[in-house]
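The values are calculated or read from the model by the stated rules, or taken from the named source; none is laboratory data. Because the structure is a prediction, the values reported are computed rather than measured. Because the Cβ atoms are built from the backbone with ideal geometry, glycine has one as well, and the counts that use them run over all protein chains shown. To get the accessible areas, we keep the full protein, side chains included, count just its heavy atoms, and leave off ligands, DNA and RNA. Shrake-Rupley method; radii C 1.70, N 1.55, O 1.52, S 1.80 Å.
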Amino acid sequence: MTRVLVVEDDPQLVRALVINLRARKYGVDAAPDGTTALRIAAARQPDVVLLDLGLPDMDGTDVIKALRGWTRVPIVVLSARRASDEKVAALDAGADDYITKPFSMNELLARLRAAVRRTEDIPLAPETTFVTTEGFTIDLLAKKATRDGHDVRLTPTEWHLMEILVCNPGRLITQKQLLQEVWGASQSDKTNYLRVYMAQLRRKLEADPAHPRYLITEPGMGYRFER
Ligand code: CA
C-alpha cells in the first residue's frame, strides 16, 4: 500500500483528500501543521508527501528543507498562490512537483502516481540518520540531539546546518554552500549569520565552545564536521 502524508491546515480539503485517497487504496496520514508533519514523517515513513505551502506554524518550504535533511521521499507541493517564485523556492528546496489550488482530484492523483513512480526504481543510498560522537549524538530522523546524556534543543535553522555538516563528515562545506542551502541564494554573502549560528551550535554541543572539537571553522572558507 502506498502511504501518503497529507500536510494541510484546511480541514475541508483534508477531508476531501482523505476520502478520495482512501477510496483508491492509499494509506493516509494527515498533519495540520509543519511540526506535526515532521513528527509523522519520521514515525511513519510515508511513500509520498502532499504538502500545502501555507501552514499555520511554519513555512512549507522549511518543511521541505527539514525533510530533505534525511529523506528523499517524493514531495508534491500544494500551492494556493499563483506566485511562481514560491513554486521555484519549493522546488529549489527539494520538492518534486507542485499543483496549484484549486485542482482536480484526477490531476492530483496523476501527479502523486508520477511522483511515487519516479522514486520506485532508484535504489536509495543508505542515509545518515544517526551520528554519534564522544561529545554528543544527533538523531536526524527523530530530530533529537543529546550531549552528555541530556537533551539539547536545536532550532530548525540549527538543525538544517547540522544536517548538512554531519551528512558530510570531514568535508569542508563552504560558507556560500551553507548560506545558499539554509537561507537561500539571495543571502549567500551573509557570513555573519553563519558565525552567529555556528557559535550557538558550539555552545549547545561542544564541551569547550571556544576550542571546538567537532564543529571546525576553516577561516575564510567554511565549516567542517570532524568526527
Ligand atoms: Ca494553508
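How far apart, in nm, are two points set 7 Å out from the Cα along the Cα-to-Cβ line at A210 and at M58?
3.4
May I ask you to list the GluC sites (Glu not before Pro) in segment 130-227 that are in a DSSP loop and have at most 10 other Cβ atoms within 10 Å of their Cβ?
E134
Can you give me the % of accessible surface on segment 3-117 that is carbon or sulfur? Probe 1.4 Å, all protein chains present, nothing else counted.
Roughly 50 percent of what the probe reaches on segment 3-117 is carbon or sulfur.
Evaluate the relative contact order of segment 66-105 (contact order divided by residue number), counting alpha-carbon pairs under 8 angstrom at least 6 apart; express in whole percent.
Value for segment 66-105: 49 percent.
Defining a contact as two alpha carbons under 8 Å apart and six or more residues distant in sequence, what relative contact order in percent does the chain show?
So the answer I get is 13 percent.
Of the beta bridges DSSP finds with both residues in the chain, what % are antiparallel, to the nearest 5?
50
So what's the chain giving for Rg/Rh, alpha carbon basis, Kirkwood Rh from the mean inverse pair distance?
A ratio of 1.00.
How tilted is helix 156-166 with respect to the longest principal axis of the chain? Cα atoms for both, answer in degrees (0 to 90, nearest 10).
It works out to around 70 degrees.
Where a ≥ b ≥ c are the square roots of the eigenvalues of the C-alpha gyration tensor, would you call segment 3-117 rounded, which needs a/c under 1.5, or, failing that, prolate if a/b is larger than b/c, or oblate?
Taking the square roots of the gyration eigenvalues as a ≥ b ≥ c, segment 3-117 is rounded.
Which whole-number value in Å² is the accessible area per residue of the chain, probe 1.4 Å?
With all protein chains present, the chain gives 51 Å² per residue.
Taking the simple approach of a point 7 Å from Cα along Cα-to-Cβ for both R195 and D33, what is their distance in nm?
About 3.5 nm separates the two model spin labels.
Heads up, I need the accessible area for R113: 1.4 angstrom probe, whole protein in place, Å², nearest 10.
Approximately 120 Å² of R113 is accessible to the 1.4 Å probe.
Just from its helices, what would the mean residue ellipticity at 222 nm be for the chain, if runs of 4 or more DSSP H residues each count -39500 (n - 2.57) and the sum is divided by every residue, rounded to the nearest 500 deg cm²/dmol?
Helix contribution divided over all residues of the chain: -13000 deg cm²/dmol.
Any chance you could run the full-extension gain for M221 through R24? It's 0.36 nm times the residue separation minus the Cα-Cα distance, nm to one decimal.
Difference between extended and current length: 65.8 nm.
Check the chain and count each lysine pair with an alpha-carbon distance under 28 angstrom, considering only pairs eight or more places apart or from different chains.
Final tally of qualifying lysine pairs is 21.
Calculate what fraction, in whole %, of the accessible area of segment 126-225 sits on carbon and sulfur atoms when a 1.4 Å probe is rolled over the protein chains.
51
Given a Förster distance of 25 angstrom, what is the FRET efficiency for T146 paired with R72, based on the Cβ-Cβ distance and rounded to 0.05?
Efficiency for this residue pair is about 0.45.
For segment 36-68 and segment 182-224, what is the centre-to-centre distance using only Cα atoms, to the nearest Å?
Computed from Cα coordinates, the inter-centre distance equals 26 Å.
Could you pull the accessible area for T155 with a 1.4 Å probe, rounded to 10 Å²?
50
For L215, what charge total do you get from the other residues with a beta carbon under 9 Å from its beta carbon, if Lys and Arg give +1 and Asp and Glu give -1?
So the surrounding residues net to +1.
In percent, what relative contact order does segment 3-117 have, based on Cα pairs under 8 Å that are 6 or more apart in sequence?
That works out to 23 percent.
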